[in-house]
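The structure under discussion appears below in the form of structure tokens.
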Amino acid sequence: MRTNVKHIELECINCHTRIQLNRAVSGSCPACGETILEARYELGKINVHDWMSALKQRRPNLWRYHEVLPIFDTDNIISMGEGGTPLVKSRTLAANLGLKHLYIKDERQGPTGSFKDRQATVAISALHEMGVEELVVASTGNVAIAYAAYCARAGIKLWAFFPSLAPVEKLREAALYGAEIIQIAGNYDQTKELAARFAQSKGVFLDRGIKSVAAIEAMKTMAYEIGEQLGRELEGNERWRAPDWFIQAVSGGMGPIGVGKGFREMYDFGMIDSMPALGVIQSTGCAPMVEAFSRGQRVATPIEHPTSVIVTLSTGNPGRSYELLYDYVSDYGGHFISASDEEAFSATLVLARNDGMSVEPATGVTFAGLFKMVQQGVIKPDDVVVVNLSGHTMPVETQILGQRWLRSVDIPEHEEQASVVPEEGLVSALEQMDSHSHVRRVAIVEDNVDAARLIARIIQARGNYDVQLAHDGASGIQLIRSTKPDLVILDLMMPDIDGFTVIDTMKADPALANIPIVVVTAKELTARERARLGTQVNMLLQKGSFIDEDFITGLVSELD
């Protein structure tokens, strides 16, 4: 369907000068020379109520929001049904982490299997509308593959530049679509420089990444979808809803920058009532944003020699992207944190074996960062959290990660501590209790039904245990008194009668006083509470801390 001609302006993020788009998707500010310009639409001419009603009748892809995308004529759209990806509520992993509202935006469902399909459809559609016939892009993999597929559909010749560490399978996939492949004996930053010089020398259009209007506009469609999907999930479709947190691992930072712009537009529209905080995760081997944030600096110092073997996250110089993310976090809240390659590998296994989702290494970094933010109390149990599952697992992980990744993942030996409560894995706790007291009957007192079932499954996977459940403190005390279990696994935060009261009741009853107690809690304990528990319980596990190789082994045992 052909749309009416619309007016789109570009606004300089530095001096706020506006210029008309005029069917161009890149440029610089004529007033100050700033190279990052953001699209602005005539939002005042859109009746929000009518628009939201119309959206319900449209096909569930990202072009349903075409009124706020940089395309003048919908006949020029190059699409393969991208967008409209599911927002999946986590159950097992969420219960393990002690989170009530953890959602996963499954971007694996795009035509080429990553969230870069959003960028490709908007960028290539805009270039097609401009009449561009040849394009240069620098990529570590997913962008080039997506661009190659959409360029083939649009009849645009693509020159794709890859760094030396990019897996050959990704190069082959891009070549399959007809792209000209150039592999550079250098890192990603050097690859971008050579791609720019090549484009200039040949007079070919260069994709400018974060500086491209289309890229940010494409990524913001995730925000629109999340707002609409959470509205259905949490608000009964009466209103759209922003999450409390949007979490993503970044290299250049385009994803969360675009998502942040989308939520700002929806907030200005009056479609949502709040703005989400951003959780920005980087690989420890290449974390210039995290390091700058920890120092309170708005400008990041480039990393000249990244050590992360996850090449898709190895952008040593984030440039202006970090400044945009820093400003967003300053205005609306958020956190920067890093995770190691080894932690990402472990998180990949945890996600696959908890929620059945196999993901690329970059998404493993995302979840590893999420685990840390939960453990550190940055993310609270009641927060609504959305994680960007950015792409699927490729059959090239050995090339991406190398043998060094696999060799460095070790299961630490647990050492007993005499004066403090050890914080170890649940399975290890069970084995230690069993070795001392021949545990066979276990009582679990946990008000979160999913968490209780998860713990029960882990225990039953390890042997022939009689496991009984109670979902509040009062029934927990009754269960303990009636069954006299060999071990009690107890949550602290329960309504009415909490875990501390259950412990005090047990210790005051001679028939129950010597039953071993393992506390599993998401509560951020004070020093006084921790000292109190140190004299009353045998083990203390923070929810999320038992996501380790022992935990994984327990789940594997259950499946075998």
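The values are calculated or read from the model by the stated rules, or taken from the named source; none is laboratory data. A quick note: this is a predicted structure, and the numbers were derived from the prediction, not measured. Cβ atoms come from the backbone with ideal geometry, glycine included; neighbour counts cover every protein chain shown.
Structure above, values below:
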item: Residue within region 102-110 that is more than 30 Å from Leu454 (Cα to Cα), part of a loop (DSSP other than H, G, I, E, B) and over 14 Å from the mean Cα position of the chain (by Cα) present; result: yes
item: Single residue of Ala242, Ala292, Ala287 found to be hydrophobic (A, V, I, L, M, F, W, C) and closer than 24 Å to Asp106 by Cβ; result: Ala242
item: Leu87 closer than 18 Å to Glu233 by Cβ and under 17 Å from the mean Cα position of the chain (by Cα); result: yes
item: Wholly enclosed helices (runs of 4 or more DSSP H) of region 389-487 bearing at least 3 residues at pLDDT 50 or above and buried (at least 19 other Cβ atoms within 10 Å of the Cβ); result: 426-437, 449-462, 473-483
item: Hits in region 287-303 (condition: within 23 Å of Gln183 (Cβ to Cβ) and either out of contact with any helix residue (DSSP H, G or I) (no Cβ under 9 Å at 6 or more places or on another chain) or polar (S, T, N, Q) (or both)); result: none
item: Matching residues in region 234-275 - criterion: being in contact with a Leu (Cβ under 7 Å, 6 or more places away or on another chain), farther than 20 Å from Asn47 by Cβ and not hydrophobic (A, V, I, L, M, F, W, C); result: Arg241, Pro243, Ser251, Gly253, Pro256, Gly260
item: Condition check for Thr312: assigned to a helix (DSSP H, G or I) and in the same structural domain as Val385 (by TED's automatic domain parsing); result: yes
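Yes/no per residue for (1) farther than 17 Å from Ser114 by Cα; (2) at pLDDT below 90; (3) among the aliphatic types (A, V, I, L, M); (4) crowded, with 24+ Cβ neighbours inside 10 Å:
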residue	(1), (2), (3), (4)
Ala138	no, no, yes, yes
Tyr147	no, no, no, yes
Ala154	yes, no, yes, no
Phe161	yes, no, no, yes
Glu169	no, yes, no, no
Gly186	yes, yes, no, no
Asp189	yes, yes, no, no
Ala218	no, no, yes, yes
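To keep it simple, each residue is scored yes or no on (1) in contact with a helix residue (DSSP H, G or I) (Cβ under 8 Å, 6 or more places away or on another chain); (2) in a helix (DSSP H, G or I).
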| position | (1), (2) |
| --- | --- |
| Pro318 | yes, no |
| Tyr322 | yes, yes |
| Asp331 | no, yes |
| Ile337 | yes, no |
| Glu342 | yes, yes |
| Ala347 | yes, yes |
| Ile379 | yes, no |
| Val385 | yes, no |
